[in-house]
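First comes the structure, then the notes that go with it.
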Amino acid sequence: MDTELDIQRFFQEVASICALGQEQQEERNRKGENYNLFSILNIERYELKHSALIANLLDPKGSHGCGDAFLRAFFEIALKERAYPFEGCTLPDSDTEYYTGPIAGDTGGRIDILVKSSRYGLIIENKIYAGDQDKQLTRYDNYGKETFGADGYLLVYLTLYGCDASKESTATKSAEEVGYLRLSYAEDILRWLEQCVRLADNKPLVRESLNQYIRTIKQLTYQDMNQENIQTIIDLAVDHPEVVATLSSKRDAIAEGIREKYIFDKLKEYADQKGWLYDDSESSYNEEEPKIRFRKEGWDGSIIISADSEDKKSNYGWWMNLWIGIDSKVTGAKKLACLEKQSPEYPMGWEYLTTPNWYSAENFPAMKTSVAQEIINKLNEIIEELGVK
């Protein structure tokens, strides 16, 4: 068996299928079938925007005008026929970024989505790309118990593909684990949204907005390719398991190559053009918190890209949950308006990158086509607000 020749043929066939898919996409573009406000406004990767939309759909008093139909469908479809808990009570409220108090050990924080009545609470922690906070689900679980009683709430952990929460997020003082339900955008939210479309059949604006959101979710979870083309690629993989095994075993090297060629090299070129120093000397196996820094002569600070991961010393940990921020020791420095978050360590601000995972294969296309430009756009905003010439 000539594995090298098999790999070559495999890629040739996959490339021809992808080329066909690209032609189909271009045809849909010409027909206006890919017109999507979520993509145009570049909000598809921002968790707060997704939380706001989902919370509105779950709100019986939401502007969609469908009452509690979407909320009932969520329990039936996404939660797999779980009994509807708001029967016979006043309509529940739906909130985003619900404040439960200052973070102190096992309590406090802001819940992404909270649907609550006087006797029941649906608590949703929404994760598109951001990493888990320390004891995050533990804190929300304690809020549920204290507010609604042990059997009066449901804690949901929503991610793109239904991943488990980290051990740090569910850490408790005892050996007991925090109980939560995993949901995915790729399957659970998509099936729920498709049911919402059917429920909104007589409301064309709501229906078409939902259809656009469905297309957004499919793009985020790489399900927007023609299903027939996807099946052809799967069939090829089934017929060439040795090729798939070879590629899988080299995933780390592939990810590293994509980062170097399509992200790091472009960021170095940007820094050279701007007259800034690109410093990746801290991105080594010996660094506990590897960073990429952008420095400017005469400015006592740096713009950094770093990771918020469970294991920063592992190869993948360096490139998961990535964020950009200002590292400056200037006393009394104010937070920049262009950065979302602030902390005592980074008072001038920081925020997660739009695509903060540079390791997983599902993000390889974005790493090739858009990540570097997204970072450059943010760097331009930061530099302009800093006023550093």
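The values are calculated or read from the model by the stated rules, or taken from the named source; none is laboratory data. Treat the numbers as computed from the prediction; the structure is a model and nothing was measured. As a convention, Cβ positions derive from the backbone with ideal geometry for all residues, glycine included, and neighbour counts pool all protein chains shown. Ligands, DNA and RNA are stripped out before the accessible areas are found, and what is left, the full protein with its side chains, is counted by its heavy atoms. Shrake-Rupley method; radii C 1.70, N 1.55, O 1.52, S 1.80 Å.
Structure data summary
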item: Strands (runs of 3 or more DSSP E) completely within segment 47-161 that count 1 or more residues being open to solvent by less than 30 Å² (accessible area, probe 1.4 Å) and in contact with a Cys (Cβ under 9 Å, 6 or more places away or on another chain); result: 121-127, 153-159
item: Residue count, segment 285-303 (criterion: at pLDDT 65 or above and open to solvent by less than 30 Å² (accessible area, probe 1.4 Å)); result: 7
item: Filter result (outside any helix (DSSP H, G or I) and either free of Cβ contacts under 8 Å to residues at least 40 places away in the same chain or crowded, with 18+ Cβ neighbours inside 10 Å (or both)) within segment 17-34; result: GLY32, GLU33
item: Any hit, segment 304-320, residues being open to solvent by less than 50 Å² (accessible area, probe 1.4 Å), in contact with a strand residue (DSSP E or B) (Cβ under 8 Å, 6 or more places away or on another chain) and modelled with pLDDT of 90 or more; result: yes
item: Subset tally (residues that are closer than 18 Å to HIS50 by Cβ and outside any helix (DSSP H, G or I)) for segment 348-369; result: 7
item: Residue list for segment 165-205, restricted to those being of a type in the set (A, V, I, L, M), in contact (Cβ under 8 Å) with a residue 24 or more places away in the chain, touching a helix residue (DSSP H, G or I) at 6+ places or on another chain (Cβ under 8 Å) and not in a loop (DSSP other than H, G, I, E, B); result: LEU183, ALA186, ILE189, LEU190, LEU193, LEU199
item: Within segment 231-282, tally of residues that are among the acidic types (Asp, Glu), farther than 18 Å from SER302 by Cβ, in contact (Cβ under 8 Å) with a residue 12 or more places away in the chain and open to solvent by 60 Å² or more (accessible area, probe 1.4 Å); result: 1
